[in-house]
Amino acid sequence: MGNVIVTEFVTLDGVAESPEKWSLDFWNAETEKFKNEELDRSGALLLGRKTYQGFAEAWPGRGGAYADKLNRMPKYVASKTLKTVDWSGAELLRSGMPEAIAKLKNASGDDIVVHGSISLRKGF
């Protein structure tokens with residue numbers, strides 16, 4: 001059984017919105033090493049709608065080892081409003097999040113990583 005790992009970029013005052021606007025100022029070799037190791041341990045992504053949409057817009061056009069793994073791995077998208085997901089390997093989860101997440105954890109021995117997806121975390 002895998003674990004669900006939540007990873008966030010959060011300011012000290014609790015802001016987790018739009019990390020691309022501020023987090024890169026603090027990016028360094030240690031951060032990069034951590035994020036690479038985190039992704040290496042992950043077998044799938046679990047994303048909320050907003051994070052999925054941002055990732056699906058950004059990552060398919062990028063190259064390199066990190067982007068290649070992210071683009072290849074399974075992606076589970078929790079959304080009641082999306083009709084379709086078109087990023088390669090993405091599957092839409094529409095309801096019953098606690099049960100769906102438990103099923104995903106039991107089906108795989110790999111960790112499932114949640115990037116961002118603040119409102120999704122409330123459903124764990």
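So is R121 of a type outside the set (A, V, I, L, M), out of contact with any helix residue (DSSP H, G or I) (no Cβ under 8 Å at 6 or more places or on another chain), modelled with pLDDT of 90 or more and under 21 Å from N3 (Cβ atoms) or not? Even if it seems obvious, please write down each step before you answer.
On the way: of a type outside the set (A, V, I, L, M): yes; out of contact with any helix residue (DSSP H, G or I) (no Cβ under 8 Å at 6 or more places or on another chain): yes; modelled with pLDDT of 90 or more: no; under 21 Å from N3 (Cβ atoms): yes.
When the stated conditions are applied, R121 does not pass them.
Which members of segment 94-117 meet the condition of being in contact (Cβ under 8 Å) with a residue 40 or more places away in the chain and more than 20 Å from L39 (Cβ to Cβ)?
Initially, segment 94-117 is screened for residues in contact (Cβ under 8 Å) with a residue 40 or more places away in the chain, giving 101, 104-106, 108-117.
Result: N106, single match.
Does G89 qualify as being touching a helix residue (DSSP H, G or I) at 6+ places or on another chain (Cβ under 8 Å) and more than 21 Å from V10 (Cβ to Cβ)?
Values: touching a helix residue (DSSP H, G or I) at 6+ places or on another chain (Cβ under 8 Å): yes; more than 21 Å from V10 (Cβ to Cβ): yes.
Yes, satisfied.
Among the residues in segment 27-49, are any surrounded by fewer than 14 Cβ atoms within 10 Å (Cβ to Cβ) and touching a residue at least 40 places away in the same chain (Cβ under 8 Å)?
Going residue by residue through segment 27-49, those that are surrounded by fewer than 14 Cβ atoms within 10 Å (Cβ to Cβ) are 27-34, 36-37, 40-41.
Checking which are touching a residue at least 40 places away in the same chain (Cβ under 8 Å) leaves us with 41.
The answer is yes; a qualifying residue exists.
Only one of (1) within 14 Å of the chain's Cα centre (by Cα); (2) more than 18 Å from T7 (Cα to Cα); (3) surrounded by 13 or more Cβ atoms within 10 Å (Cβ to Cβ) is not met by S108, so which one is it?
Every listed condition holds for S108 apart from (1).
Please go through (1) over 20 Å from A16 (Cβ atoms); (2) surrounded by fewer than 18 Cβ atoms within 10 Å (Cβ to Cβ) for E57 and return the number of the only condition it doesn't satisfy.
Answer for E57: the failing condition is (1).
The values are calculated or read from the model by the stated rules, or taken from the named source; none is laboratory data. Since this is a predicted model, take the numbers as computed values, not measurements. Neighbour counts are summed over all protein chains in view; Cβ atoms, including those assigned to glycine, are modelled from backbone coordinates with ideal geometry.
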